[in-house]
Amino acid sequence: MISSHRNLRPRDTVIIHNHPIHYKHLLFKSLQERGLHFCVLFVGAAPSDRHEKIDVAGCEYECSFLSSLPFGAAGFRNTMRTVVRTWSALDRLNPRVVVMGGYHMAASWAAWVWAGLHGRRRVLWFESNQFDWPRVGWKERVKSLFVRRCDQAHAYGTSSKEYLERLGMAPERIGIKRAVVDVVKFSGVQKARRVRTEARSERTLIFVGRLAPEKNLPFVLQALQVMRARGVSPEFRLVVVGTGPEESGWRSLVKELRLESVVEFVGYQTQAELPAFFGRSDILVLPSTREPYGLVVLEAMAAGLPVLVSDRCGCAVDVVTPETGWLFSPDDLETLVGRLTEISQMSNQELHQMGVAARQVACEYGPGESAARVMSLVGRPMRRSAEPMTEARLEASGRL
């Protein structure tokens, strides 16, 4: 239920989150079902460029909005107002545990200070990776200060955990929270796709995401052009799901490369519509040059698709194995062409078996499994490391 921050009731745990989004909504509902006594403080409403809005008006868990403006909108960042509202809400809720969904928000820093002054446990939800962006020394020191003073962190996966350790958090204070995927929604896709696959020989790749520069879709288009020039059979098709600022340019590139007959742009599709598109595809491709996690990889795996994923995706090291898919560098075109050639030589049965293995891995990331991990981690007593981050330690970790 949504409450005004002035009418909040005390809670054991408060979660500071940027805005409502479908996969966290699933997690919060599951946490409520399992009896966690918590409230979510959303910093703002969903950004205006998000097509699918989450209606939390009738949700089972308690939540409140610190601002009615879309998160990230022009005029949104009134830092002092956000700090005051966060502090006021925490005073009313009086939690013993404060969970902060990142260190990039003023609300997280306000909660960090409030918890420190009141002697409450500080828990960081963390999905960044060392390779997401070029790292700047002074910014890394600020992050290190924030991270080291948290009692615990819940990383999305192995690469996030490694970055936390670089920032100075002791490994024993880091738990793997994992991402959340709606495995039930995609449960019927695999069987339907097998019938389709047995009747056709072509290979259909599907890309799902915002059509933005970091998604690196031209890299896949270039690989497809090479495959056609080499006469590799069976032929590959590419279905592009999504919209974004690069769409016009990428459509023009398809024409320039003469790939109109094998590339189809289908626009934005809702979460409810995605299973049908996965059902008509054979392999998900995600060629991003940076990707904090890559939830769509898990969604495709839950639908029984093998995945062809850039090694810059945060999820890659945890879910992509020789049994579930393939990795490639987003800078090495010949490697991607080699992966596509390998796929072209596989039988439909072999691809199906990889899809079965992918589905098994994805099922470990359901809302219930993630909620159980969060509750276990939140309830675990943790001791804050007293070892200071000296200049020598910073230099040794490569941040000076």
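Structural remarks
- If you go through the stretch 317-338 and keep only what is buried (at least 23 other Cβ atoms within 10 Å of the Cβ) and either over 24 Å from Glu162 (Cα atoms) or not assigned by TED's automatic domain parsing to the domain that holds Pro234 (or both), you end up with just Leu336.
- Summed over the stretch 225-243, residues that are farther than 16 Å from Glu202 by Cα, at pLDDT 95 or above and out of contact with any strand residue (DSSP E or B) (no Cβ under 7 Å at 6 or more places or on another chain) total 1.
This table checks each residue for (1) buried (at least 24 other Cβ atoms within 10 Å of the Cβ); (2) touching a Lys or Arg at 6+ places or on another chain (Cβ under 8 Å).
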{"residue": "Tyr268", "(1), (2)": "no, no"}
{"residue": "Leu295", "(1), (2)": "no, no"}
{"residue": "Ala300", "(1), (2)": "yes, no"}
{"residue": "Ala303", "(1), (2)": "yes, yes"}
{"residue": "Pro306", "(1), (2)": "yes, no"}
{"residue": "Val309", "(1), (2)": "yes, no"}
{"residue": "Cys315", "(1), (2)": "yes, no"}
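- Considering (1) under 23 Å from the mean Cα position of the chain (by Cα); (2) among the charged types (D, E, K, R); (3) surrounded by fewer than 19 Cβ atoms within 10 Å (Cβ to Cβ), the lone condition that Glu256 does not fulfil carries the number (1).
- Considering (1) at pLDDT below 95; (2) closer than 30 Å to Tyr163 by Cα; (3) under 23 Å from the mean Cα position of the chain (by Cα), the lone condition that Val98 does not fulfil carries the number (1).
- Just so you know, in the stretch 160-171 the residues that are assigned to a helix (DSSP H, G or I) and either among the polar types (S, T, N, Q) or touching a residue at least 60 places away in the same chain (Cβ under 8 Å) (or both) include one that is nearest to Trp125 (Cα to Cα), and it is Ser160.
- Which listed residue, of Ala229, Ala272, is surrounded by fewer than 17 Cβ atoms within 10 Å (Cβ to Cβ), farther than 26 Å from Val180 by Cα and of a type in the set (A, V, I, L, M): Ala229
- Whichever residue in the stretch 124-139 is assigned to a helix (DSSP H, G or I) and at pLDDT below 85 and, among such residues, is surrounded by the fewest Cβ atoms within 10 Å (Cβ to Cβ): Trp138
- Residue list for the stretch 160-196, restricted to those being modelled with pLDDT under 85, of a type in the set (A, V, I, L, M) and surrounded by fewer than 19 Cβ atoms within 10 Å (Cβ to Cβ): Ala192, Val195
- Conditions (1) closer than 26 Å to Gln345 by Cβ; (2) in contact (Cβ under 8 Å) with a residue 40 or more places away in the chain; (3) assigned to a helix (DSSP H, G or I): number failed by Pro275: (1)
- Screening the stretch 6-34 for residues that are assigned to a helix (DSSP H, G or I) and among the hydroxyl-bearing types (Ser, Thr, Tyr) and picking the one that is modelled with the highest pLDDT gives Ser30.
- Subset tally (residues that are of a type in the set (Ser, Thr, Tyr) and either surrounded by fewer than 20 Cβ atoms within 10 Å (Cβ to Cβ) or under 21 Å from Tyr268 (Cα atoms) (or both)) for the stretch 16-60: 2
- Every listed requirement among (1) more than 18 Å from the chain's Cα centre (by Cα); (2) surrounded by fewer than 24 Cβ atoms within 10 Å (Cβ to Cβ) is met by Gly355 save one, (2).
The values are calculated or read from the model by the stated rules, or taken from the named source; none is laboratory data. Model, not experiment: these values are computed from the prediction. Cβ coordinates were reconstructed from backbone atoms using ideal geometry, including for glycine residues, and neighbour counts include every protein chain displayed.
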